[in-house]
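Visitor: Sharing a structure with you now.
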Amino acid sequence: FPAAYAESTTMLEGLANSLGASPQMRCMQHEIACEYLAAYGQIDAAFDWLERASALPLVSLLWLDRCPALDALRGDARFGRVRAIVAARAAAVWG
């Protein structure tokens, strides 16, 4: 795992919680953090960010279903719960 992990996660946390950031921008920052952590095998931390993103205006089923960095998360029940939330929201937006 990268030596700069703690510094990176601190930076991501700061970006995701920055004052004035729109919910959409914060959601994107949560997605990036989730991908970063998942890519380095930090599955529980990745799920933390993914679940937090699902509480924001996350509507990207394509990202959830096709992002290679999320492959390790897809077999977990937590992923199914997040996907159901996002699918319902996406249906309301695009339906």
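Visitor: With a Cα-only, solvent-free Debye model of segment 15-95, what are the log10 I(q)/I(0) values at q = 0.18, 0.19 Å⁻¹?
Guide: Here log10 of I(q) over I(0) equals -0.68, -0.76.
Visitor: Using a probe radius of 1.4 Å on heavy atoms only, what accessible surface per residue do you get for segment 19-95? Whole Å² is fine.
Guide: 54
Visitor: So, with a 1.4 angstrom probe, what is the percent of accessible area on segment 34-85 that is carbon and sulfur?
Guide: That fraction is 55 percent.
Visitor: Turning to a different aspect of this structure: For segment 56-71, just list the computed ³J(HN,Hα) in residue order, Karplus coefficients 6.51, -1.76 and 1.60, θ = phi - 60°, integers in Hz, with x standing in for Gly and Pro.
Guide: 9, x, 6, 10, 8, 5, 4, 4, 4, 7, 10, 5, x, 5, 8, 3
Visitor: Then there's this: Kindly state, to the nearest 0.05, the FRET efficiency for Asp48 paired with Ala77, given R0 = 25 Å and r defined as their beta-carbon distance. Could you put the intermediate results ahead of the total?
Guide: Details: r = 15 Å, r/R0 = 0.60.
After rounding to 0.05, the efficiency reads 0.95.
Visitor: So how far apart, in nm, are the two label points at Ser22 and Ala39 if each is 7 Å from Cα heading toward Cβ?
Guide: Computed distance between label sites Ser22 and Ala39 equals 2.5 nm.
The values are calculated or read from the model by the stated rules, or taken from the named source; none is laboratory data. It should be emphasised that the depicted structure is a prediction, and the values quoted were computed from it without experimental measurement. A quick note on method: Cβ atoms are made from the backbone with ideal geometry, for glycine too, and the neighbour counts reach across all protein chains shown. Each accessible area value is taken on the protein alone, full model and side chains, heavy atoms only, with ligands, DNA and RNA left out. Shrake-Rupley method; radii C 1.70, N 1.55, O 1.52, S 1.80 Å.
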